[in-house]
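Participant: Okay, here's the structure, questions in a sec.
The values are calculated or read from the model by the stated rules, or taken from the named source; none is laboratory data. Keep in mind the model is a prediction, meaning the values are calculated, not measured. Don't worry about glycine lacking a Cβ; one is built from the backbone with ideal geometry, like all the others, and counts go over all protein chains shown. The area values use the complete protein model at the heavy-atom level, side chains included, leaving out ligands, DNA and RNA. Shrake-Rupley method; radii C 1.70, N 1.55, O 1.52, S 1.80 Å.
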Amino acid sequence: AAPAGPAFTRDNMADLFEHSETPVVITERDRVIIANLSARTLLGSHIVGQDVRMALRQPEAIRLLARDSEGGAVVRGLNRRTDIWRINRKTLPGGLAVIEFVNKTAEADISRAHTDFVANASHELRTPLASIIGYVETLREDVESLEPNMADKFLGTIQREAKRLQDLVSDLMSLSRIEAEKHDLPSDTLELSKLAERAASDAANGERAGLLDFESTGAFPVRGDRQQLEQLVRNLVDNGFKYGASDKPLAVRLHPQGENRVRLTVTDRGEGIAAEHIPHLTRRFYRTDPGRSRASGGTGLGLAIVKHIVERHRGRLDIDSTLGEGTRVTVVLPLEKDDTAE
């Protein structure tokens, strides 16, 4: 009856770890005796019975295991070339050891994304600041000899760059707030048609108002954040006017999509966007034409903000474009079955 004890213990250990999301391997004198489902998915079912060092084939991991002691090591490319894993080893009596694999890839990706974001934001802020400082210094040095027309031109540039800086800071703050709330489903029920028409008109103020072609086929109650949905429509309409043809209308449409969703489309008749740019348009600070974007006052954050608003509202965002014909942005949102829409 004595040999049944260890076998029973191993069965219990296998059951304990089998459905853990973390890959776990148990070895006896460096030979794999148990590998849970996650470990078999990561390393292959064939590792059971193998020497764990042969199963891993990673120099950093082999050095950790060769010490026959507790500890950890960071391993790159364990499964895919870009993966990053931390391997932790815990020794047990009887020559047993538990080896845990912790996936650090997402953590590293987030850290890298934050670093890139800070670098990009710093660059975007530095450019208008440098322009403002340069023109102010020139005005102070030559204030008495500078012609009024030239001084007025300098002041106009300072005002324009300051406005760009203000817009950039405002968009950065909006993006931060939206990301902080992205897991919180809005609680208010709003009538999207009236909200979208008002926001589109706000974005098309001035000489662009006559080119706005708005059409809605009904009332569409949605669960939403009023400020964010207005910002979504304003951003899409503003983008449409900036990059569409200056003499052709911008079409904004609200139509039902099936029984449970509403579809908002914003269609311009501009130059269109090359296919290779489409997947990257919602990235922060991504521009297909940086010079044109900055000249038109774009911050490079408009579609990133739209994407996060759509995600918070459990919707879907699609962008279609044809070179020489124009671009259509589509937002699909779930309808709220509620007769109390404002």
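Participant: Quick one: is residue 208 open to solvent by 20 Å² or more (accessible area, probe 1.4 Å), in a loop (DSSP other than H, G, I, E, B) and not hydroxyl-bearing (Ser, Thr, Tyr)? Don't jump to the end; show me each part of the working.
Facilitator: Values: open to solvent by 20 Å² or more (accessible area, probe 1.4 Å): yes; in a loop (DSSP other than H, G, I, E, B): no; not hydroxyl-bearing (Ser, Thr, Tyr): yes.
Considered against the rule, which asks whether it is open to solvent by 20 Å² or more (accessible area, probe 1.4 Å), in a loop (DSSP other than H, G, I, E, B) and not hydroxyl-bearing (Ser, Thr, Tyr), residue 208 comes out as no.
Participant: Looking at the structure I just gave you, is residue 51 modelled with pLDDT under 90, charged (D, E, K, R) and open to solvent by less than 70 Å² (accessible area, probe 1.4 Å)? Break it down stepwise before answering.
Facilitator: Numbers: modelled with pLDDT under 90: yes; charged (D, E, K, R): yes; open to solvent by less than 70 Å² (accessible area, probe 1.4 Å): yes.
Considered against the rule, which asks whether it is modelled with pLDDT under 90, charged (D, E, K, R) and open to solvent by less than 70 Å² (accessible area, probe 1.4 Å), residue 51 comes out as yes.
Participant: Among what's in segment 117-128 and is surrounded by 14 or more Cβ atoms within 10 Å (Cβ to Cβ) and of a type outside the set (S, T, N, Q), pick the residue that is farthest from residue 171 (Cα to Cα).
Facilitator: Result: 128.
Participant: What is the one condition in (1) open to solvent by 20 Å² or more (accessible area, probe 1.4 Å); (2) in a helix (DSSP H, G or I); (3) in contact with a helix residue (DSSP H, G or I) (Cβ under 7 Å, 6 or more places away or on another chain); (4) of a type outside the set (Ser, Thr, Tyr) that residue 46 does not satisfy?
Facilitator: The one condition residue 46 does not meet is (3).
Participant: If you don't mind, there's one more thing I want to ask. Evaluate segment 54-67: report whether one residue or more is open to solvent by less than 70 Å² (accessible area, probe 1.4 Å), of a type in the set (Gly, Ala, Ser), in contact with a helix residue (DSSP H, G or I) (Cβ under 6 Å, 6 or more places away or on another chain) and more than 30 Å from residue 301 (Cα to Cα).
Facilitator: Yes, segment 54-67 contains a residue that is open to solvent by less than 70 Å² (accessible area, probe 1.4 Å), of a type in the set (Gly, Ala, Ser), in contact with a helix residue (DSSP H, G or I) (Cβ under 6 Å, 6 or more places away or on another chain) and more than 30 Å from residue 301 (Cα to Cα).
Participant: For the subset of segment 14-43 comprising residues that are open to solvent by 80 Å² or more (accessible area, probe 1.4 Å) and of a type in the set (D, E, K, R), which member is farthest from residue 86 (Cα to Cα)? Steps first, answer last, please.
Facilitator: Restricting attention to segment 14-43, the residues satisfying the condition of being open to solvent by 80 Å² or more (accessible area, probe 1.4 Å) are 15-16, 19, 21, 29, 31, 37, 41.
The next check asks that each one be of a type in the set (D, E, K, R); those that pass are 15, 21, 29, 31.
Working: 15: 23, 21: 15, 29: 21, 31: 20 Å.
Among those that are open to solvent by 80 Å² or more (accessible area, probe 1.4 Å) and of a type in the set (D, E, K, R), it is 15.
Participant: Tell me which strands (runs of 3 or more DSSP E) are completely within segment 63-121 and hold 3 or more residues being of a type in the set (Lys, Arg), or say none if there are none. Don't jump to the end; show me each part of the working.
Facilitator: Details: elements: 71-76, 84-92, 96-103.
Where strands (runs of 3 or more DSSP E) fall fully within segment 63-121 and carry at least 3 residues being of a type in the set (Lys, Arg), they are 84-92.
Participant: Here's a follow-up. Sort through 268, 320 and tell me the only one that's closer than 23 Å to residue 212 by Cα, open to solvent by 20 Å² or more (accessible area, probe 1.4 Å) and modelled with pLDDT of 90 or more. Quick ask: steps written out before the conclusion?
Facilitator: Details: 268 fails: open to solvent by 20 Å² or more (accessible area, probe 1.4 Å).
So the residue among 268, 320 that is closer than 23 Å to residue 212 by Cα, open to solvent by 20 Å² or more (accessible area, probe 1.4 Å) and modelled with pLDDT of 90 or more is 320.
Participant: Same structure, new question: How many residues, within segment 166-199, are assigned to a loop (DSSP other than H, G, I, E, B) and open to solvent by 10 Å² or more (accessible area, probe 1.4 Å)?
Facilitator: Looking only at segment 166-199, we keep the residues that are assigned to a loop (DSSP other than H, G, I, E, B), and these are 181-188.
In the following step, the residues that additionally are open to solvent by 10 Å² or more (accessible area, probe 1.4 Å) were identified as 181-185, 187-188.
Number of matching residues: 7.
Participant: Does residue 295 satisfy being surrounded by fewer than 21 Cβ atoms within 10 Å (Cβ to Cβ), at pLDDT below 90, more than 30 Å from residue 185 (Cβ to Cβ) and of a type in the set (A, V, I, L, M, F, W, C)?
Facilitator: Details: surrounded by fewer than 21 Cβ atoms within 10 Å (Cβ to Cβ): yes; at pLDDT below 90: yes; more than 30 Å from residue 185 (Cβ to Cβ): yes; of a type in the set (A, V, I, L, M, F, W, C): yes.
So residue 295 passes the test.
Participant: Give me the residue from segment 211-228 that is without any contact (Cβ under 8 Å) to a residue 40 or more places away in the chain and of a type in the set (Gly, Ala, Ser) and, out of that set, surrounded by the fewest Cβ atoms within 10 Å (Cβ to Cβ). Talk me through it step by step, then tell me what you get.
Facilitator: Filtering segment 211-228 for residues without any contact (Cβ under 8 Å) to a residue 40 or more places away in the chain gives 211, 213-218, 226-227.
Remaining after also requiring of a type in the set (Gly, Ala, Ser): 216, 218.
On the way: 216: 17, 218: 10.
If we take residues in segment 211-228 being without any contact (Cβ under 8 Å) to a residue 40 or more places away in the chain and of a type in the set (Gly, Ala, Ser), then 218 is surrounded by the fewest Cβ atoms within 10 Å (Cβ to Cβ).
Participant: Yes or no: residue 187 within 13 Å of residue 312 (Cβ to Cβ) and modelled with pLDDT under 95?
Facilitator: In short, yes.
Participant: Could we say that residue 231 is open to solvent by 40 Å² or more (accessible area, probe 1.4 Å) and either touching a strand residue (DSSP E or B) at 6+ places or on another chain (Cβ under 9 Å) or polar (S, T, N, Q) (or both) here? Full working, then the answer.
Facilitator: On the way: open to solvent by 40 Å² or more (accessible area, probe 1.4 Å): no; either touching a strand residue (DSSP E or B) at 6+ places or on another chain (Cβ under 9 Å) or polar (S, T, N, Q) (or both): yes.
No.
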